[in-house]
Amino acid sequence: SGAAGEVPATPEDKRYVVRAARQRTAKPKILWTGITDDKEVARLTKITHELGGTVASKVTSCTHLISDKVHRTKKLLTAIGADIPIMSLAWLEACGQKKEWLDESEYILRDREAERKWRFNLRTTLEKRHDSAPVLSGLQFHITTHTVPPPDVLGPIIQANGGVRKPAPKGKPNARQPLIIISCAEDKKQYSALAKKGFSVYEPETVLSGILRHEIAWDENHIDGPVHEQEAEEAAAATSAGSGGRKSRRR
């Protein structure tokens, strides 16, 4: 069927199994996102415990993130950056029925509606992230006051995907270390002053969609100031790679 999370894998879909299979060599630590009903949470917890797994307390300590569909939550966007398999609810249910941990390749989360809306494919994104550095590696961001998500949510999402959050700049842009301003209409006074200095200003959607696609579209969701230059981004990523990080070929 075409329901979210219940689309079987095709032969070419079986590539994204390395990390997931490695996770099954240890006791799985399960976490879910977008599932808030108490009875459903209790049911999933029971299945997890019966299989010998545990429920993780935070994304960075889980081995698998479970969801019924793609919710652009802090957990899901953090999981992408942390190279954690994002599984459909059907995977955990099937594991419970078979009374064993099953091959993840058949159950990577698929949500056709969300993927059409935000123009991405989650499996492809997970594969790209597994094979390269987090998509925001080498990039620095300043988040203004009233963004949605708010700075205290967006900041950790950026950091989980390799970016660095910075305070408001006092001087002019540094070409060797580009600083991207993430802002919104409500903060026009803040971002206009920065744009006049030469800083690139973007909506939060630039970051959110970029993480989902594992590729930043600098020509989209631009608010003010110059359009961010790809060459500057690649130079920053190369600097990060030289200090031990892996560089994504296309972001």
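The values are calculated or read from the model by the stated rules, or taken from the named source; none is laboratory data. Source: prediction; values computed, not measured. Note: ideal-geometry Cβ built from the backbone for every residue, glycine included; neighbour counts use all protein chains shown. Areas reflect the complete protein model, heavy atoms only, side chains present, ligands, DNA and RNA absent. Shrake-Rupley method; radii C 1.70, N 1.55, O 1.52, S 1.80 Å.
Can you tell me which residue in the stretch 39-64 is nearest to GLY163 (Cα to Cα), limited to those that are in contact with a Pro (Cβ under 7 Å, 6 or more places away or on another chain) and not hydroxyl-bearing (Ser, Thr, Tyr)?
Filtering the stretch 39-64 down to residues in contact with a Pro (Cβ under 7 Å, 6 or more places away or on another chain) leaves 53, 63-64.
Checking which are not hydroxyl-bearing (Ser, Thr, Tyr) leaves us with 53, 64.
On the way: GLY53: 32, HIS64: 23 Å.
That would be HIS64.
Residues being assigned to a loop (DSSP other than H, G, I, E, B) and open to solvent by less than 50 Å² (accessible area, probe 1.4 Å): count how many of those fall in the stretch 102-111.
3
Name the pairs whose Cβ atoms lie under 8 Å apart, with the first residue in the stretch 166-177 and over 17 Å from LEU136 (Cα atoms) and touching a residue at least 24 places away in the same chain (Cβ under 8 Å), the second surrounded by 10 or more Cβ atoms within 10 Å (Cβ to Cβ) and of a type in the set (Phe, Trp, Tyr), and 6 or more positions between them or separate chains?
PRO169/PHE199; PRO173/PHE199
State whether one or more residues within the stretch 112-129 are touching a helix residue (DSSP H, G or I) at 6+ places or on another chain (Cβ under 6 Å), surrounded by 23 or more Cβ atoms within 10 Å (Cβ to Cβ), modelled with pLDDT of 95 or more and part of a loop (DSSP other than H, G, I, E, B).
no
Any residue in the stretch 93-120 that is within 26 Å of ALA42 (Cβ to Cβ) sitting within a Cβ distance under 8 Å of a residue that is among the hydroxyl-bearing types (Ser, Thr, Tyr) and open to solvent by 30 Å² or more (accessible area, probe 1.4 Å)? List the pairs, counting only those 6 or more apart or interchain.
ALA94/TYR107
How many of the residues in the stretch 41-63 are under 16 Å from MET87 (Cα atoms) and assigned to a helix (DSSP H, G or I)?
Qualifying residue count, the stretch 41-63: 8.
Considering only the stretch 172-196, state which residues are open to solvent by 80 Å² or more (accessible area, probe 1.4 Å) and of a type in the set (A, V, I, L, M).
ALA175, ALA185 - these are the residues of the stretch 172-196 that are open to solvent by 80 Å² or more (accessible area, probe 1.4 Å) and of a type in the set (A, V, I, L, M).
Out of PRO134, PRO150, which single residue is under 29 Å from LEU109 (Cα atoms), surrounded by fewer than 17 Cβ atoms within 10 Å (Cβ to Cβ) and out of contact with any His (no Cβ under 7 Å at 6 or more places or on another chain)?
On the way: PRO134 fails: surrounded by fewer than 17 Cβ atoms within 10 Å (Cβ to Cβ).
PRO150 is the lone residue from the list that is under 29 Å from LEU109 (Cα atoms), surrounded by fewer than 17 Cβ atoms within 10 Å (Cβ to Cβ) and out of contact with any His (no Cβ under 7 Å at 6 or more places or on another chain).
For the condition touching a residue at least 40 places away in the same chain (Cβ under 8 Å) and buried (at least 20 other Cβ atoms within 10 Å of the Cβ), what is the one hit in LEU65, LEU77? Spell out how you get there, then give the answer.
On the way: LEU65 fails: touching a residue at least 40 places away in the same chain (Cβ under 8 Å).
Answer to the selection: LEU77.
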